[in-house]
1. If I filter the range 117-141 down to residues being part of a strand (DSSP E or B) and in contact (Cβ under 8 Å) with a residue 60 or more places away in the chain, which single residue comes out as farthest from residue 237 (Cα to Cα)?
2. Quickly run through the range 207-228 and pick out the residues that are out of contact with any strand residue (DSSP E or B) (no Cβ under 7 Å at 6 or more places or on another chain) and at pLDDT below 95.
3. Return yes when residue 199 is within 16 Å of the ligand (Cβ to nearest atom), in contact (Cβ under 8 Å) with a residue 60 or more places away in the chain and over 20 Å from residue 234 (Cβ atoms) and no when it is not.
4. In the list 104, 111, which residue meets the criterion of being crowded, with 18+ Cβ neighbours inside 10 Å and touching a strand residue (DSSP E or B) at 6+ places or on another chain (Cβ under 8 Å)?
5. Kindly provide the set of residues from the range 61-96 that are farther than 19 Å from residue 197 by Cβ, in a loop (DSSP other than H, G, I, E, B) and either in contact with a strand residue (DSSP E or B) (Cβ under 8 Å, 6 or more places away or on another chain) or modelled with pLDDT under 90 (or both), ordered by number.
6. Quick check: is even one residue across the range 11-27 surrounded by 14 or more Cβ atoms within 10 Å (Cβ to Cβ), part of a loop (DSSP other than H, G, I, E, B) and at pLDDT 80 or above?
7. For the range 150-161, state whether one or more residues are touching a helix residue (DSSP H, G or I) at 6+ places or on another chain (Cβ under 9 Å) and more than 28 Å from residue 249 (Cβ to Cβ).
8. Name the residue that is nearest to the chain's Cα centre (by Cα), counting only residues in the range 143-161 that are surrounded by 23 or more Cβ atoms within 10 Å (Cβ to Cβ) and in contact (Cβ under 8 Å) with a residue 40 or more places away in the chain.
Ligand SMILES: [Zn+2]
């Protein structure tokens, strides 16, 4: 009997190792062997590239480009399907079903919006990936789309220089809840634990509604995915103005959980019950942002003519 048990454990171990190997190299946001500083070693041909993201945007160093017009968003009414929210292990992600298209805004092709996800901090002085004037925001939202005019799938587009277009929207803390985020915030408690593998349907999310005030004002540069494998396939748009989120809503995002390996900074106001309810192996997912990367000579464009007087 004992021998049988050992054989079963051995087979299980092999199976688990195979699964781990097939899912690729592990990475995290922690100060550990898998954290952002180690990504260039772990993914040398990609995360060690010259044109990486995120970056700090210095508005006074940007150049005006009159071709950076307003964006157009197109939806097929018949396909206003629900959106699926889940914890992907690094962020809260909303998969957009159906045909949501993004065009114009200086883009040469039409792009299909596939998902929206977020980066946030353990406190309000950090959390965004991009910085403007060296200043971080407490949260950044990424609306991810792929070039449907040229490629047949996200998988095909993700490695191509013109494959992806990502809209980056920074947040500021408001006294009021943001009603646009509320349907997602409501379901986060049911998906926050990665061990539950749970998904939640939320009503259709219109990407255009999520843009901040003055959506015609934005910055444009060419960069990369901000997570491994860091492909330099992203036409980035970072909006000048910010969306809003309340502290209460931010704290719901901060209760998302990840396995312990990330060594993320614990948050001071996390419920004491987290460890008891979810076991010892999990901790809050916070500070899931990559530090800013060198520009290496890249010129950042802006869509608006007159720089604000600082
Ligand atoms: Zn992102």
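1. Here the answer is 120.
2. The one that is out of contact with any strand residue (DSSP E or B) (no Cβ under 7 Å at 6 or more places or on another chain) and at pLDDT below 95: 209.
3. Details: within 16 Å of the ligand (Cβ to nearest atom): no; in contact (Cβ under 8 Å) with a residue 60 or more places away in the chain: yes; over 20 Å from residue 234 (Cβ atoms): yes.
No, not satisfied.
4. After applying the criteria, what remains is 111.
5. Result: 62, 65, 68, 69, 70, 76, 80, 81.
6. Among the residues of the range 11-27, at least one is surrounded by 14 or more Cβ atoms within 10 Å (Cβ to Cβ), part of a loop (DSSP other than H, G, I, E, B) and at pLDDT 80 or above, which makes the answer yes.
7. yes
8. 143
The values are calculated or read from the model by the stated rules, or taken from the named source; none is laboratory data. All values derive from a computational prediction rather than experimental measurement. So basically every Cβ, Gly included, is an ideal-geometry build from the backbone, and we count neighbours across all protein chains shown.
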